[in-house]
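Asker: Pasting a structure here, questions to come.
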Amino acid sequence: MKLKLLFSCFIAAGIAVPALAQEPVDAAMVQKIREEGLNHSKVMETAFYLTDVSGPRLANSPGLIRAQKWAVNQLKTWGMSNARLESWGKFGKGWEVQKNYAAITVPYYHAIIAIPKAWTPGTNGLIKGDVMILKADSAVELEQYKGKLAGKIVIFDTKAPTERTWKIDAARYTDEELAEMANAKATPAGPRRNAPDPNAAQMASFRKLRAFRTALSQFLVDEKVGLILSQGRGTDGTVFTTNGASYADTAKAVAPELETSSEDYQRILRLLKGGQPVQLEAEIKTQFITDDLQGYDVVAEIPGTDKKLKNQVVMIGGHLDSWHAATGATDNAAGSAVMLEAMRILKAINFKPKRTIRIALWSSEEQGLFGSRGYVANHFGDPKTMELKPEQAKLSAYYNLDNGTGKIRGVYLQGDSAAAPIFKAWLEPFKDLGATTLTIRNTGGTDHLSFDAVGIPGFQFIQDAIDYGTRTHHSNQDTYDRLIEDDLKQAATIVASFVYHTSQRAEMIPRKELPKPQPAR
C-alpha cells in the first residue's frame, strides 16, 4: 500500500519512476549516524575555526589559506586519506584589508560603517579633507573636474534604497511552499547562468553604462583622487560587499574606494545638498598577495573497500571562500563545516565504504565557480566540448551545500527524475527532522552545476532561507553568531546518511541524458 502511494505521489509531481522496487534503507546505520551527528557533533567547533579563527576568506587571501590548511590538517587528524590542497589552475591576486578607519569630523565626529571594495588599494596613510559631490553621466561631463580632484574625497548623488531588507523572524519554508516545490513539473533547461539579455536596446544601454564606468574609473585614477565613497547595497547598517577591481595579475590600477552603509552615505549627501560642509578622515591599508597566483581546493577521502566498487566515488562539497566584510559564516563556512562534519561522522562510526568517499572544499566560487569548474575540467571533462575523461563514468553523485545556515528540507533533483524514488526512501528516516521534500526543479548559482554540466548527477539540498538573502549573504553581518547549531547538526546527519547509502548502493545514482556541448560565449 505504501509503495503504491509512493508511486502515485511521483506521478502527480511529474517525476518518472523507473522501477517499483523499494529502495533499501539501512535503519541500523541511520541510527548510528543520528546518534553521532545529533548527540556528539563537532560542527560548531569546526565552524569556529573556519570563521573566527581563520577570518575573512576572500579568494587567494591569507584568511582562505589559513582555513584551507586547517581543514587539511583536521581531515588528517580525523583519519582521512590523501588530505591535501589540489591546484585547479591559475586564479590571480589575493587581497586583504589590514586597516580600515573612516569617520566624519565636520560638522561633528561620527565613525561611519564603510568597507573597502575588494582588490582596491589603500589610501597610503591618513587622509583628511572635504567631501565633494561628483555629478557626471558622460565622459564629456567629467571634463569639468579635470585638475580639481587630486587628493579629494568624492561621493556620488545616489538615491537611497527604497526597500528595507531587515526581517525580525527567521524565514523557514511553510508546508504550503514545500508542497508547491514537490508538485513542480519538469521543465526544459533555461538559458545558461548569466546569459546576456537578447533585447538589443537594453544591451546597448548596458554597454554604454559599462563603458562610462570604465572611463570614470580611469579618470579618477588619472586625477589622483584621494578616496571614493560609494553606497553599499543594504539597510539598517548591513553592507553587502562587492569588488572594486579585478583580481587578475594584469588588472589596471584603481582608486581607493569605500562601500558605505546607506544610512551614513545618505547622511553625508543630505548635509552636502543642504549646504553644510562635510569633512572626513580615513586611513585604509590593503595588501595584494602575488607570490602564488594558483587556486586550490581542499580534497580528502575515505577509501573504498569493495574490490569491484572501490574505484567508484561519491563526492560531497561546498565552497570555502567568502567575501571580506565578515567571516563568511553562512556563505559558506556553514556548508563547509557540515560537509567536514559528515566525513567526521562516518569515520567516528568506523564506517568502511564500498565506494570511495571524497570531500572537496572549493575556492573562488564567488568569482564564478572556478574551484569546482577547474576540478571538473581536470578530472571529469570539458563542458564546452563534452570530451569526457574516464573518471567521469566512475563518479556516482556529487552533493553540495551552499544556501546558508538553514536546516535541510529536501533535495533539488536538478531534473534527474530517476533519482526521486531513491532519495524519497533515504529522506524517510528524517521526517521528524523536517526533511521530506523532493522537487524536480533546478537550482543554480553554486558548485553542483559544475558536475551537472558534464553529465554527473549533481545535487544541492533544499534549505530554510533564515536571513540568508536579506541579511547575511555577502554582507558585514555574515558572522559565526548567525549560525544555528541544531540546523547544522541536522544537515550534517542527513548528508552523512545520503553519503553512506550512495556508497553502499548496488548501482550508481541514475543519470540524466548527457548535456550537449556548451561553447563559451
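Asker: What about residue 123, is it β-branched (Val, Ile, Thr) and surrounded by 14 or more Cβ atoms within 10 Å (Cβ to Cβ)?
Answerer: For residue 123, the condition - β-branched (Val, Ile, Thr) and surrounded by 14 or more Cβ atoms within 10 Å (Cβ to Cβ) - is met.
Asker: Which condition number in (1) of a type in the set (Ser, Thr, Tyr); (2) assigned to a loop (DSSP other than H, G, I, E, B); (3) not assigned by TED's automatic domain parsing to the domain that holds residue 57 is the one that residue 327 fails?
Answerer: Looking at each condition in turn, residue 327 falls short on (3).
Asker: Please enumerate the residues belonging to the stretch 384-443 that are β-branched (Val, Ile, Thr) and more than 26 Å from the chain's Cα centre (by Cα). Full working, then the answer.
Answerer: We begin by selecting, within the stretch 384-443, every residue β-branched (Val, Ile, Thr); these are 385, 405, 408, 411, 422, 436-437, 439-440, 443.
Selection gives 385, 422.
Asker: Mind telling me which of the residues 312, 392 ends up being out of contact with any helix residue (DSSP H, G or I) (no Cβ under 6 Å at 6 or more places or on another chain) and in the same structural domain as residue 62 (by TED's automatic domain parsing)?
Answerer: Details: 312 fails: out of contact with any helix residue (DSSP H, G or I) (no Cβ under 6 Å at 6 or more places or on another chain).
After applying the criteria, what remains is 392.
Asker: Of these, 55, 92, 37, 79, which one is over 20 Å from the mean Cα position of the chain (by Cα), in a loop (DSSP other than H, G, I, E, B) and either farther than 18 Å from residue 349 by Cβ or modelled with pLDDT of 95 or more (or both)?
Answerer: After ruling out the rest, the residue left standing is 79.
Asker: Quick test for you: out of 505, 521, 482, 511, pick the one residue that is farther than 30 Å from residue 313 by Cβ and either modelled with pLDDT of 95 or more or crowded, with 19+ Cβ neighbours inside 10 Å (or both). Walk me through how you get there before you give the answer.
Answerer: Values: 505 fails: farther than 30 Å from residue 313 by Cβ; 521 fails: either modelled with pLDDT of 95 or more or crowded, with 19+ Cβ neighbours inside 10 Å (or both); 511 fails: farther than 30 Å from residue 313 by Cβ.
Checking each option against the conditions leaves just 482.
Asker: Going through 444, 410 one at a time, which residue ends up being small (Gly, Ala, Ser), in contact with a Leu (Cβ under 9 Å, 6 or more places away or on another chain) and either on the phi > 0 side of the Ramachandran plot or surrounded by fewer than 24 Cβ atoms within 10 Å (Cβ to Cβ) (or both)?
Answerer: On the way: 444 fails: in contact with a Leu (Cβ under 9 Å, 6 or more places away or on another chain).
From the options 444, 410, the qualifying one is 410.
Asker: Next question, about the same structure. What's the number of the condition residue 393 fails, among (1) among the hydrophobic types (A, V, I, L, M, F, W, C); (2) touching a residue at least 12 places away in the same chain (Cβ under 8 Å); (3) surrounded by fewer than 24 Cβ atoms within 10 Å (Cβ to Cβ); (4) over 22 Å from residue 437 (Cβ atoms)?
Answerer: Answer for residue 393: the failing condition is (2).
Asker: Here's something else I'd like to know. Is it the case that some residue within the stretch 369-381 is surrounded by fewer than 24 Cβ atoms within 10 Å (Cβ to Cβ), within 13 Å of the chain's Cα centre (by Cα) and assigned by TED's automatic domain parsing to the domain that holds residue 28?
Answerer: Yes, the stretch 369-381 contains at least one residue that is surrounded by fewer than 24 Cβ atoms within 10 Å (Cβ to Cβ), within 13 Å of the chain's Cα centre (by Cα) and assigned by TED's automatic domain parsing to the domain that holds residue 28.
Asker: Can I ask one more? Please go through the stretch 298-334 and give me each residue that is in contact with an Asp or Glu (Cβ under 6 Å, 6 or more places away or on another chain) and surrounded by fewer than 24 Cβ atoms within 10 Å (Cβ to Cβ), ordered by number.
Answerer: Hit for the stretch 298-334 is 299, nothing else.
Asker: Could I ask something else about it? If you check every pair at least six apart or on different chains, which have Cβ atoms under 7 Å apart with a residue in the stretch 344-363 that is over 18 Å from residue 491 (Cα atoms) first and a residue that is aliphatic (A, V, I, L, M) and in a loop (DSSP other than H, G, I, E, B) second?
Answerer: 354/309; 355/309; 362/320; 363/59; 363/320
Asker: Can you find even one residue in the stretch 506-517 that is small (Gly, Ala, Ser) and part of a loop (DSSP other than H, G, I, E, B)?
Answerer: Initial filter on the stretch 506-517 (small (Gly, Ala, Ser)): 506.
Next, only the ones that are part of a loop (DSSP other than H, G, I, E, B) stay: 506.
Checking the stretch 506-517: at least one residue is small (Gly, Ala, Ser) and part of a loop (DSSP other than H, G, I, E, B).
Asker: Further, regarding this structure: Only one of these is under 30 Å from residue 379 (Cα atoms), in contact with a strand residue (DSSP E or B) (Cβ under 8 Å, 6 or more places away or on another chain) and not acidic (Asp, Glu): 444, 458, 434. Name it. Steps first, answer last, please.
Answerer: On the way: 444 fails: in contact with a strand residue (DSSP E or B) (Cβ under 8 Å, 6 or more places away or on another chain); 434 fails: under 30 Å from residue 379 (Cα atoms).
Of 444, 458, 434, the one residue that is under 30 Å from residue 379 (Cα atoms), in contact with a strand residue (DSSP E or B) (Cβ under 8 Å, 6 or more places away or on another chain) and not acidic (Asp, Glu) is 458.
Asker: So in the stretch 426-479, with the set limited to residues that are acidic (Asp, Glu) and in contact (Cβ under 8 Å) with a residue 60 or more places away in the chain, which one is farthest from residue 519 (Cα to Cα)?
Answerer: Taking the stretch 426-479 first, the residues acidic (Asp, Glu) are 428, 432, 447, 452, 464, 467, 478.
Those left that are additionally in contact (Cβ under 8 Å) with a residue 60 or more places away in the chain: 428, 447, 452, 464, 467, 478.
Working: 428: 40, 447: 19, 452: 15, 464: 35, 467: 36, 478: 36 Å.
Per the criteria, the residue is 428.
Asker: I need every pair where a residue in the stretch 214-228 that is in contact (Cβ under 8 Å) with a residue 60 or more places away in the chain has its Cβ under 6 Å from the Cβ of a residue that is in a helix (DSSP H, G or I) and of a type outside the set (Lys, Arg), sequence separation at least 6 or different chains.
Answerer: Qualifying pairs under 6 Å: 215/139; 219/142.
Asker: While we're here: Taking the condition of being in contact with a helix residue (DSSP H, G or I) (Cβ under 6 Å, 6 or more places away or on another chain) and under 27 Å from residue 55 (Cα atoms), how many residues in the stretch 451-467 meet it?
Answerer: 1
The values are calculated or read from the model by the stated rules, or taken from the named source; none is laboratory data. Bear in mind the structure is a predicted one, so any value in this text is a computation, not a measurement. For neighbour counting, all protein chains shown are included, and Cβ atoms are generated from backbone atoms with ideal geometry for every residue, glycine included.
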